[in-house]
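Q: Below you will find the structure I want to go over with you.
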Amino acid sequence: MPVRALWFRGGALYLLDQRALPSRTVVRRLTRVEQVAEAIRTLTVRGAPAIGVAAAYGMVLAHRQGRYRPDRAAAILRATRPTAYDLFVGIETVRASWVAGEDVLAAADAYRGKIVEECHRIGTAGAPLLADAERVLTHCNAGALATVEWGTALAPIRVARERGAHLFVWVDETRPLLQGSRLTAWELARERIPYAVIADNAAGHYLATGQVDAVLVGADRIARNGDFANKIGTYEKAVVAHENGVPFYVAAPWSTFDAARPDGGTIPVEERDPDEVLELGGRRLAPVSSRARNPAFDVTPARFVTAFITSDGVVRPDGLARSLSRRAPRLAQPAPTGTGRTERL
Ligand code: MRU
């Protein structure tokens, strides 16, 4: 059975609780927009495309609740996480059909279908890049859990495997919340794709000693010039890959591209609870008096990106602006802008 991060049935949104994986499979049933907002905030559902789809269904639930006007429902969901552009695209897609008096569930279903289809096409477009890359490094989880189905970074790996490629995946553990060792490893193990989990600070060693043929990551928001935000630690991997001549690919659907933003300098970087750094699995690691900082994302300059893998094919950073003018979504209510530092919610 392919992994599915969420589904809508009988008036409720069902989420595979990503906090419980890999040790337990827990499904949450949500019927109110407030519950969807909380699920996004707590990373019950996570990954840019998946939170966009969850938020689209959150708007459907708000419509059924009958308590909120479309803008108020959108505001509840917009206040959850600031970085992923997909979140704002998902909300706006359903808000617009609500305002127009259209069928909001049909709008959310169509949005979900579009994301799944785009991810599959990302897999087809990216698989040939892995023809000479036996050992791929990935960061965080940009798999089916993060996108509903297929994944972004994991989609080319899945398609290349289907075509008979023998791939091996280095999985960054991805502190503080371990999306790599918990979630990416879970997805790869289910499909018997060979992998090894490595500590985040081991990636440089493997890149510098010729044991990585390509780096493949997802993104939370991509600016017009190709600067992009992704899980904290991505920037370091990109710099070290560049230093060692290892190709660095970023895979994303068009809902991740913020065409109105000229560069990455004002992408808001979410700052999360310091306890996520000070604790591991609920157990305190640092002395009780410790302070911590916890930026959830960093911004990588476009000059470190070899190419973007999109549903329309592989695009070099210098060709991005042209593709965006045709494909990237424009929002009636703009996505948040940041200061270039970290933003507390
Ligand atoms: O905080 P998370 O787990 O939502 O962060 C997710 C990532 O950084 C992913 O790499 C990104 O959303 C791309 S998912 C296809």
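The values are calculated or read from the model by the stated rules, or taken from the named source; none is laboratory data. Quantities reported herein were computed from a predicted structural model and do not represent experimental measurements. Counting neighbours? That spans all protein chains shown, and the Cβs are built from the backbone with ideal geometry, glycine included. The accessibility values were calculated without ligands, DNA or RNA, using every heavy atom of the protein model including side chains. Shrake-Rupley method; radii C 1.70, N 1.55, O 1.52, S 1.80 Å.
Q: Going through region 107-136 one residue at a time, which ones are small (Gly, Ala, Ser), under 17 Å from residue 159 (Cβ atoms) and open to solvent by 20 Å² or more (accessible area, probe 1.4 Å)?
A: Residues of region 107-136 that are small (Gly, Ala, Ser), as a first pass: 107-108, 110, 113, 123, 125-127, 131, 133.
With the extra rule that they be under 17 Å from residue 159 (Cβ atoms), the set shrinks to 123, 125-127, 131, 133.
Answer for region 107-136, where residues must be small (Gly, Ala, Ser), under 17 Å from residue 159 (Cβ atoms) and open to solvent by 20 Å² or more (accessible area, probe 1.4 Å): 125, 131.
Q: Something else about it: In region 223-249, what count of residues is obtained for those that are acidic (Asp, Glu) and surrounded by fewer than 19 Cβ atoms within 10 Å (Cβ to Cβ)?
A: Residues of region 223-249 that are acidic (Asp, Glu), as a first pass: 227, 236, 243.
Next, from what is left, pick out any that are surrounded by fewer than 19 Cβ atoms within 10 Å (Cβ to Cβ): 236, 243.
Count: 2.
Q: Can you say whether residue 240 is closer than 19 Å to residue 138 by Cβ, away from the ligand (no atom under 14 Å from the Cβ), in contact (Cβ under 8 Å) with a residue 60 or more places away in the chain and of a type in the set (Val, Ile, Thr), as far as the supplied structure shows? Explain how you work it out, then say what you get.
A: Working: closer than 19 Å to residue 138 by Cβ: yes; away from the ligand (no atom under 14 Å from the Cβ): yes; in contact (Cβ under 8 Å) with a residue 60 or more places away in the chain: no; of a type in the set (Val, Ile, Thr): yes.
No: the conditions fail for residue 240.
Q: Sticking with this structure for a sec: With among the hydroxyl-bearing types (Ser, Thr, Tyr), within 16 Å of the ligand (Cβ to nearest atom) and either within 17 Å of residue 330 (Cβ to Cβ) or at pLDDT 95 or above (or both) as the only criterion, which of 93, 80 stands out? Steps first, please.
A: Numbers: 93 fails: within 16 Å of the ligand (Cβ to nearest atom).
After ruling out the rest, the residue left standing is 80.
Q: List every residue pair whose Cβ atoms lie under 7 Å apart, where the two residues are 6 or more positions apart in sequence or sit on different chains, the first residue falls within region 134-150 and is of a type in the set (Asp, Glu), and the second residue, located anywhere, is at pLDDT 95 or above and within 9 Å of the ligand (Cβ to nearest atom).
A: Partner pairs satisfying both residue conditions: 149/119.
Q: Enumerate the strands (runs of 3 or more DSSP E) found wholly within region 259-345, keeping only those where 2 or more residues are away from the ligand (no atom under 16 Å from the Cβ). Reasoning before the result, please.
A: Details: elements: 269-271, 297-300, 307-310, 313-315, 342-344.
Here the list reads 313-315.
Rundown of residues vs (1) open to solvent by 10 Å² or more (accessible area, probe 1.4 Å); (2) over 15 Å from residue 240 (Cα atoms), yes/no style:
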| residue | (1), (2) |
| --- | --- |
| 154 | no, yes |
| 166 | yes, yes |
| 177 | yes, yes |
| 185 | no, yes |
| 188 | no, yes |
| 204 | yes, no |
| 210 | yes, no |
| 215 | no, no |
| 221 | no, yes |
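Q: Something else now. Which one of these does residue 119 not meet: (1) within 11 Å of the ligand (Cβ to nearest atom); (2) assigned to a helix (DSSP H, G or I); (3) under 22 Å from residue 197 (Cβ atoms)?
A: (3)
Q: Which condition does residue 162 not pass, out of (1) crowded, with 22+ Cβ neighbours inside 10 Å; (2) at pLDDT below 95, if it passes all the others?
A: It is condition (1) that residue 162 fails.
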